[in-house]
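Q: If you scroll down you'll find the structure; I have some questions about it.
The values are calculated or read from the model by the stated rules, or taken from the named source; none is laboratory data. What you are looking at is a predicted structure, and each value in this text was computed from that prediction instead of being measured. Glycine gets a Cβ as well: all are built from the backbone with ideal geometry, and neighbour counts include every protein chain shown. Note: accessible area is taken over every heavy atom of the protein model, side chains too, but ligands, DNA and RNA are not part of it. Shrake-Rupley method; radii C 1.70, N 1.55, O 1.52, S 1.80 Å.
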Amino acid sequence: MFKTIISIVLAVILLGCDFEVPGADEKFGKQNFVSAVSIIELHKLRNGHYPDSLSELEFLGDWDGIWLSAVRYERNGEGYNLYLERGWAGKPTLAFPVKFKAGLGIKETNVQWLHQDGK
């Protein structure tokens, strides 16, 4: 009985804790966005066109479901729109060098593009 009470008290204490990890949203958000771009661009390379939806992507790994649920994809003509919806738990604000999108089919995104001067 004592172990049960201790277990319940410990569970209540842990549920009340805020397990926020500084920078986790940005790190996971960046990984989610980069993974999405990589697999989407690989689909284009293999098939000659961007997928109509993420459900068309092939040869996904077990962990790819994480980024699939963290981005919003829309086919846009000969390219696509890609929006980051989630990092670890929240929605981070990301910025990449403008050079990152060179040669990619990204038309619209909520990621910021930084020029050499950082603006």
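Q: Just to be sure I understand, how many residues within region 87-99 are assigned to a loop (DSSP other than H, G, I, E, B) and open to solvent by less than 70 Å² (accessible area, probe 1.4 Å)?
A: Of the residues in region 87-99, the ones assigned to a loop (DSSP other than H, G, I, E, B) are 87-94.
When the remaining residues are screened for being open to solvent by less than 70 Å² (accessible area, probe 1.4 Å), the result is 87, 90, 92, 94.
Going through region 87-99 one residue at a time, the tally reaches 4.
Q: So, in region 27-81, how many residues would count as being over 13 Å from residue 105 (Cβ atoms), hydrophobic (A, V, I, L, M, F, W, C) and either assigned to a strand (DSSP E or B) or free of Cβ contacts under 8 Å to residues at least 12 places away in the same chain (or both)?
A: Counting residues in region 27-81 that are over 13 Å from residue 105 (Cβ atoms), hydrophobic (A, V, I, L, M, F, W, C) and either assigned to a strand (DSSP E or B) or free of Cβ contacts under 8 Å to residues at least 12 places away in the same chain (or both) gives 4.
Q: Scanning region 69-86 for residues that are of a type outside the set (Ser, Thr, Tyr) and open to solvent by 30 Å² or more (accessible area, probe 1.4 Å), which turns out modelled with the lowest pLDDT?
A: Step one: filter region 69-86 for residues of a type outside the set (Ser, Thr, Tyr), giving 70-72, 74-79, 81-82, 84-86.
Of the ones still in play, those that are also open to solvent by 30 Å² or more (accessible area, probe 1.4 Å) are 72, 74-78, 85-86.
Working: 72: 97, 74: 98, 75: 98, 76: 97, 77: 95, 78: 96, 85: 94, 86: 88.
Only one residue tops the list, namely 86.
Q: Give the residues of region 21-39 that are open to solvent by 70 Å² or more (accessible area, probe 1.4 Å) and farther than 13 Å from residue 86 by Cα, sorted by residue number.
A: Of all residues in region 21-39, those open to solvent by 70 Å² or more (accessible area, probe 1.4 Å) come to 21-22, 26-28, 30-31.
Answer for region 21-39, where residues must be open to solvent by 70 Å² or more (accessible area, probe 1.4 Å) and farther than 13 Å from residue 86 by Cα: 21, 22.
Q: Now for a separate question. Does residue 108 satisfy the criteria of being in contact (Cβ under 8 Å) with a residue 12 or more places away in the chain and open to solvent by 70 Å² or more (accessible area, probe 1.4 Å)? Let's see the steps before the verdict.
A: Details: in contact (Cβ under 8 Å) with a residue 12 or more places away in the chain: yes; open to solvent by 70 Å² or more (accessible area, probe 1.4 Å): yes.
Here the answer is yes, as residue 108 does meet what is asked.
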